[in-house]
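Quick notes on the structure that follows.
Laboratory data are not the source of any read-out in this text; all were calculated from the coordinates shown. These figures come from a predicted structure and were not determined experimentally. Positions of Cβ are backbone-derived with ideal geometry, glycine not excepted, and every protein chain shown enters the neighbour counts.
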Amino acid sequence: MSQKIYGFVGLGNMGGPMSARLVAAGYTLHVFDRDQKAVDAAVAQGAIAQPSARAVGDAADVVFLSLPDGKIVNLVLAGDDGLGKAGRAKTVVDLSTIGPDAARKAYASLHEAGITYVDAPISGGVGGAVKGTLAVMVACPQPLYDELLPVLQTFGTGFYMGVDAGLAQVMKLANNLLSAAAVAITSEAMAMGVKSGLNARTMIDVINAGSGRNSATVDKFPKAVLTGTFNVGFAARLAHKDVRLCLAEAEAIGVPMVVGAAVREMLVATTAICGPEADYSDVARVVEGWAGTKIRG
């Protein structure tokens, strides 16, 4: 096993399980998060707590980030206690979804400090983070990707996207647009069917046996909508952030996204109606309200 020391900044819904997998795999791991409970949980699993991102970078050779957005990533990299001022870390692997423009800026910021930024967003949800079945999309020089791959495989399957920072973000945004579109359109189709008299679970079974099958019908609806729990574990506001970043990139390069714009508005409406802590699957709850029916039966 590599003798390198690793760090992890951001121990939320995704970062917590991923850091736990690193410790369970036998890696020495230094961690930081503003949430002390999250840090305590990581320490209980065998991680070593540090008081700041910079302190993590002073203790580790490679630091992973799992953070909500580009502003927070920039703060963690360039702030007074940021990784840009760390004394030991020479590689930062950013597992966050921040968009290609923010990834390019992060690369430039760390490059000035002599640190290599690796654009490496993930997909697969909390369940994938727990099980180690995530898709890890990586943009960096090929030799560095090859070097990092054994530890990245702790999280799931690595996919090499190319050299330039931002390429992996484009791949992740395309994926998340498709995922969000599946939730939105499945909500509408299911509401129509149930209000017409069809059984919701039977509908899901038929769709999953036919050509309408998608990630929402296979996973999110059976687990979180038909049960009425609405607990996918991913905030609607974060889904909106990803779709908004996708549309901004598409506009910047001249790709029209008519359907994508409608999906964005569905997510805006969900957060407005259900509140800032609304779950991704609450899109279906909003459609239920508009349609005057309950998809879950």
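The table for this structure:
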read-out: Single residue of the stretch 223-232 satisfying the filter (more than 11 Å from Thr186 (Cβ to Cβ) and out of contact with any Asp or Glu (no Cβ under 8 Å at 6 or more places or on another chain)) that is surrounded by the most Cβ atoms within 10 Å (Cβ to Cβ); value: Leu226
read-out: Flag if Arg88 is touching an Asp or Glu at 6+ places or on another chain (Cβ under 6 Å) and surrounded by fewer than 17 Cβ atoms within 10 Å (Cβ to Cβ); value: yes
read-out: Thr97 crowded, with 24+ Cβ neighbours inside 10 Å and in contact with a strand residue (DSSP E or B) (Cβ under 9 Å, 6 or more places away or on another chain); value: yes
read-out: The listed residue being under 21 Å from the mean Cα position of the chain (by Cα) and not β-branched (Val, Ile, Thr), out of Leu245, Leu226; value: Leu245
read-out: Matching residues, the stretch 29-39, being in a loop (DSSP other than H, G, I, E, B) and touching a residue at least 24 places away in the same chain (Cβ under 8 Å); value: Asp33, Asp35
read-out: Lone qualifier among Ala89, Ala42 - being in a loop (DSSP other than H, G, I, E, B) and hydrophobic (A, V, I, L, M, F, W, C); value: Ala89
read-out: Criterion (more than 14 Å from Asn176 (Cβ to Cβ), loosely packed, with under 13 Cβ neighbours inside 10 Å and of a type in the set (D, E, K, R)) met by exactly one of Glu277, Glu288; value: Glu277
read-out: Residues of the stretch 18-28 that turn out to be in a loop (DSSP other than H, G, I, E, B) and closer than 18 Å to Val92 by Cα, as a count; value: 2
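Residue by residue, here is whether (1) in contact (Cβ under 8 Å) with a residue 24 or more places away in the chain; (2) over 23 Å from Ala174 (Cβ atoms); (3) part of a loop (DSSP other than H, G, I, E, B) holds:
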site	(1), (2), (3)
Pro222	no, yes, no
Val232	yes, no, yes
Arg237	yes, no, no
Val243	yes, no, no
Ala250	no, no, no
Ala261	no, no, no
Arg264	yes, no, no
Val268	yes, no, no
Gly289	no, yes, no
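Here is a yes/no grid of residues against (1) free of Cβ contacts under 8 Å to residues at least 40 places away in the same chain; (2) within 24 Å of Pro150 (Cα to Cα); (3) surrounded by fewer than 19 Cβ atoms within 10 Å (Cβ to Cβ); (4) within 17 Å of the chain's Cα centre (by Cα):
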{"position": "Ala42", "(1), (2), (3), (4)": "yes, yes, no, no"}
{"position": "Gly57", "(1), (2), (3), (4)": "no, yes, no, no"}
{"position": "Leu65", "(1), (2), (3), (4)": "no, yes, no, yes"}
{"position": "Val73", "(1), (2), (3), (4)": "yes, no, no, yes"}
{"position": "Asp80", "(1), (2), (3), (4)": "yes, no, yes, no"}
